[in-house]
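Computed from the coordinates by the stated procedures, all read-outs in this text should not be read as laboratory data. Owing to the predicted nature of the structure, the values given are computational and were not obtained by experimental measurement. Methodologically, a virtual Cβ is constructed for each residue, glycine included, from the backbone with ideal geometry; neighbour enumeration extends over all protein chains shown.
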Amino acid sequence: MFFGSDTTAPAHPSVLKAMARANEGYPHSYGADHAMDEIRAQIRDLFEAPDAAVYLVATGTAANALILATLIDPWQAVFCHRSAHIETDECGAPEFYTGGAKLVLIDGEHAKISPDALKNALSTTGQVGVHGVQRGMLSLTNATENGTIYTPAEVAALTKIAHADGLPVHMDGARFANAVVAAGCTPAQMTWKAGVDALSFGGTKNGLIGVEGVIFFDPKHAWEFELRRKRGGHLFSKHRYLAAQMQAYLDGDLWRDMATAANAAAQRLSKGILTIEGASLVHPTQANGVFASWPRIGHRRAYAAGAEYYFWPEGASLEGPDDETLPARLMCSWSTTNDDVDDFLAAIRG
Ligand SMILES: Cc1ncc(COP(=O)(O)O)c(C=O)c1O
């Protein structure tokens with residue numbers, strides 16, 4: 001009953017096997033190995049983007065911050081949702097790596113930016129000449145921090161507005177696979193065909209040990225990114241171990257199978273929670289996270305039975321009236337089983 005985070009989940013056995021295979025021999029370091037050539041080709045194929053620049057880093061924060069730094073200048077603004085990971089959970093890495101770019105926060109239900117909200121933010125930023133930050137870029141998270149997704153059409157509506165002002169668009173895809181599976185689209189439809197310029201292609205939360213892809217659909221950014229990655233301390237010498245994980249992820253579309261399993265577990269959990277008296281969803285369940293609230297007595301029982309998850313927002317107490325409802329975040333992963341879900345629901349019911 002581990003629903004605390006998709007990062008607490010184990011890596012897929014195929015990934016571990018790929019790591020063991022990668023341990024043989026003496027391939028070139030720093031990404032100059034044959035495996036990286038194959039990955040570049042595979043990702044270009046998967047994304048139907050023959051010219052894309054493709055890199056690997058070990059954390060989502062590095063992928064995001066380095067992409068932002070590559071796409072804008074220090075005096076520019078990154079438009080993002082108020083609950084975007086780049087705002088809430090990266091310890092200022094985006095500001096640090098960009099040399100001080102400003103994050104302009106946009107509100108919106110279920111962690112999503114609406115076209116009107118984006119237009120409003122654009123119209124009130126960069127209007128005072130040299131005195132204000134200039135408009136720089138848009139960053140969208142998909143799947144969002146609230147377990148919802150943007151469809152390709154929704155992405156396209158936002159990128160159209162950004163591009164009309166000459167702003168590039170980044171997608172934080174720490175849970176990109178979950179979003180693609182949920183939308184029933186292709187990776188290309190969710191990204192460059194919908195106007196996305198650069199993607200953080202998440203793997204860590206979806207069964208890898210620690211790898212995120214960085215994809216620029218316009219290769220003109222390649223060299224600057226390479227320099228920034230090295231300068232920022234994120235060019236791995238033993239890069240083959242990053243490559244091995246990504247290869248396992250891509251082989252046979254393991255990324256898709258794992259995201260499908262995680263999303264299905266979240267659906268089962270979401271539907272099950274709604275059968276509990278007094279329970280409701282805080283956000284629609286569209287990817288691998290369930291944001292729901294139910295009476296304290298059920299939380300008390302779940303915790304007593306050993307379940308692990310977080311109140312969301314954190315800080316609620318198990319002490320208090322039984323029937324008061326408390327919101328929680330429950331993350332599913334490729335390894336969440338039907339039994340895990342059913343045991344958890346049974347624990348809540350007591
Ligand atoms: C939406 C989102 N983006 C990026 C990240 C990357 O995080 P990390 O740097 O921990 O790999 C996370 C991790 O929680 C996330 O949820």
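Which order, highest average first, do 119-132, 67-80, 244-257, 137-150 follow once you tally other Cβ atoms within 10 Å for each residue and take the mean per peptide?
On the way: 119-132: 12.6, 67-80: 22.9, 244-257: 21.2, 137-150: 26.5.
Result, highest mean Cβ count within 10 Å first: 137-150, 67-80, 244-257, 119-132.
Look at the dipole of the range 255-349 built from charges on Cβ: of T336, I276, G298, the Cα furthest out on the positive end belongs to T336.
Applying the Karplus relation 6.51 cos²θ - 1.76 cosθ + 1.60 with θ = phi - 60° to the range 85-100 yields 3J(HN,Hα) values of 4, 5, 8, 8, 9, 10, 6, x, 4, x, 5, 5, 5, 7, x, x Hz, where x marks Gly and Pro.
Membrane-span-like helices in the chain: DSSP H runs reaching 24 Å or more (Cα, own axis), mean Kyte hydropathy at least 0.5? Walk me through the numbers before you get to the answer.
Numbers: long enough: 254-273 (28 Å, -0.07).
Helices meeting the criterion: none.
Sticking with the crude label model, points 7 Å out along Cα→Cβ, report the distance from D89 to D322 in nm, one decimal please. Calculated label separation equals 3.5 nm.
Label point of S5 set 7 angstrom out along Cα-Cβ; within the range 288-315, amide nitrogens under 13 Å from it belong to 309-310.
Given the pairs K112/K205; K205/K271; K102/K160; K160/K238, which span a C-alpha to C-alpha distance of over 28 angstrom in this model? Show your work: numbers first, answer last.
Numbers: K112/K205 20 Å; K205/K271 23 Å; K102/K160 22 Å; K160/K238 40 Å.
Violating the 28 Å Cα-Cα cut-off are K160/K238.
Net charge dipole, the range 13-254: roughly 280 debye, given to the nearest 20, about the Cα centre with Cβ charges of +1 for Lys and Arg and -1 for Asp and Glu. Here's how it looks for A174: its modeled amide H is under 5 Å from those of N142, G202, which are all 5 or more places away or on a different chain. Assuming R0 = 22 Å, what is the FRET efficiency of D107 and Y310, from their Cβ-Cβ distance, to the nearest 0.05? My answer for the efficiency is 0.45.
Of the GluC sites (Glu not before Pro) in the range 241-350, which ones lie in a loop per DSSP and count no more than 14 other C-beta atoms within 10 Å? All intermediate terms of the calculation are to be shown ahead of the outcome.
Working: sites: E277, E308, E314, E319, E324; in loops: E277, E314, E319, E324.
Sparse-neighbourhood loop GluC sites (Glu not before Pro): E277, E314, E319, E324.
Legend: calculated FRET efficiency, K17 to A264, from the Cβ-Cβ distance at R0 = 35 Å, rounded to 0.05, equals 0.90.
Using a simple spin-label model with pseudo-atoms 7 Å out from Cα toward Cβ, R349 and K119 lie 4.9 nm apart. Taking amide H as placed 1.01 Å from N in the peptide plane, T59 has its amide H under 5 Å from the amide H of E212, each at least 5 places away in sequence or on another chain.
Considering only A32, A157, L16, the residue lying farthest towards the positive end of the dipole of the chain is A32, judged by Cα position with unit charges set on Cβ. Among the GluC sites (Glu not before Pro) within the range 45-109, those in coil by DSSP and having at most 15 neighbouring Cβ atoms inside 10 Å are E48. For the pair F96 and K160, label points projected 7 Å from Cα toward Cβ lie 3.9 nm apart. Taking amide H positions as modeled 1.01 Å from N, with prolines and chain starts lacking one, the residues under 5 Å from Q134 and 5 or more places away or on another chain are Q76, A77.
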